[in-house]
């Protein structure tokens, strides 16, 4: 298992529930160094985890950098050639790291290998940017048994990254705060001829939206507004950046007007939940269209 020493796990947290993070860490091979990047000024569980595990380093960023920038912050401190990005609500399944070693021994010329879900047979963890190719892939994905499938993109909750394939460790676009960072990364890899794979061998259990303040009941509404705003901001920004502004406008036009009219409709019905849902989607798109930064942080802008 010598190859395992050339791997570091990076986990970005933000007010993450201790039990959720503990389950994630317990599923990681004890021989692997783990960097926890806490996206705030203080990691309240720091003493607990440092006393319980000898392979953990905890770094606080000082403020909430988001997913991509938070991972860049952690990757900059990685001293190994390979890094495994994990969301804190991920549990690695049995023999996960032995299977990673197998890929590293074969020295595949990959840039990124994405994992697949053991608990979800509906949500696609990989795909293609070409819609026709993606639809055909989607029909047969859950029937295939290949260890590695070459794809255009993988989801970012669990990604094995070959840092030797990047000029520096600032691999994510820092303009994103939440959502589409991994798609943007994979698009840039594709554009320069790199290789992105999805692995049927690397299975994880993904709890989904349990890794940060979304798991805290009193912050649930704030988390929903944050997700709706940033999903739409990032959606437009991704297409504007990787295609062009006009293409992005056409792509989001239906969502833009739907969000606007539904926000008005639910306001008239005094339905606060759905009003906020579509209002914050509309505002996220509007800010992105107008070229404002992804600076909404739940009730305030930076």
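Rundown of residues vs (1) in a strand (DSSP E or B); (2) in contact (Cβ under 8 Å) with a residue 60 or more places away in the chain, yes/no style:
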site: 19; (1), (2): no, no
site: 35; (1), (2): yes, no
site: 42; (1), (2): no, no
site: 47; (1), (2): no, no
site: 64; (1), (2): no, yes
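Does residue 127 qualify as being buried (at least 18 other Cβ atoms within 10 Å of the Cβ), under 15 Å from residue 86 (Cα atoms) and assigned by TED's automatic domain parsing to the domain that holds residue 12?
For residue 127, the condition - buried (at least 18 other Cβ atoms within 10 Å of the Cβ), under 15 Å from residue 86 (Cα atoms) and assigned by TED's automatic domain parsing to the domain that holds residue 12 - is not met.
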Any residue in the range 119-139 that is at pLDDT below 85 sitting within a Cβ distance under 9 Å of a residue that is assigned to a helix (DSSP H, G or I)? List the pairs, counting only those 6 or more apart or interchain.
121/142; 122/142
Given (1) surrounded by fewer than 18 Cβ atoms within 10 Å (Cβ to Cβ); (2) under 25 Å from residue 114 (Cβ atoms), number of the condition residue 48 does not satisfy
(2)
Check whether at least one residue in the range 173-193 is surrounded by fewer than 17 Cβ atoms within 10 Å (Cβ to Cβ), under 19 Å from residue 87 (Cβ atoms), outside the structural domain of residue 243 (by TED's automatic domain parsing) and under 18 Å from the mean Cα position of the chain (by Cα), and report yes or no.
yes
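With 28, 56 as the choices, which residue is more than 25 Å from residue 138 (Cα to Cα), surrounded by 17 or more Cβ atoms within 10 Å (Cβ to Cβ) and without any contact (Cβ under 8 Å) to a residue 40 or more places away in the chain? Break it down stepwise before answering.
Details: 28 fails: without any contact (Cβ under 8 Å) to a residue 40 or more places away in the chain.
Just one listed residue meets the conditions, 56.
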Of all strands (runs of 3 or more DSSP E) fully inside the range 91-205, the set with 3 or more residues that are within 25 Å of residue 25 (Cα to Cα) is 112-117, 158-162
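The values are calculated or read from the model by the stated rules, or taken from the named source; none is laboratory data. Quick caveat: nothing in here was measured; it's all calculated off a predicted structure. Every residue, glycine among them, receives a Cβ derived from its backbone with ideal geometry; neighbour counts consider all protein chains shown.
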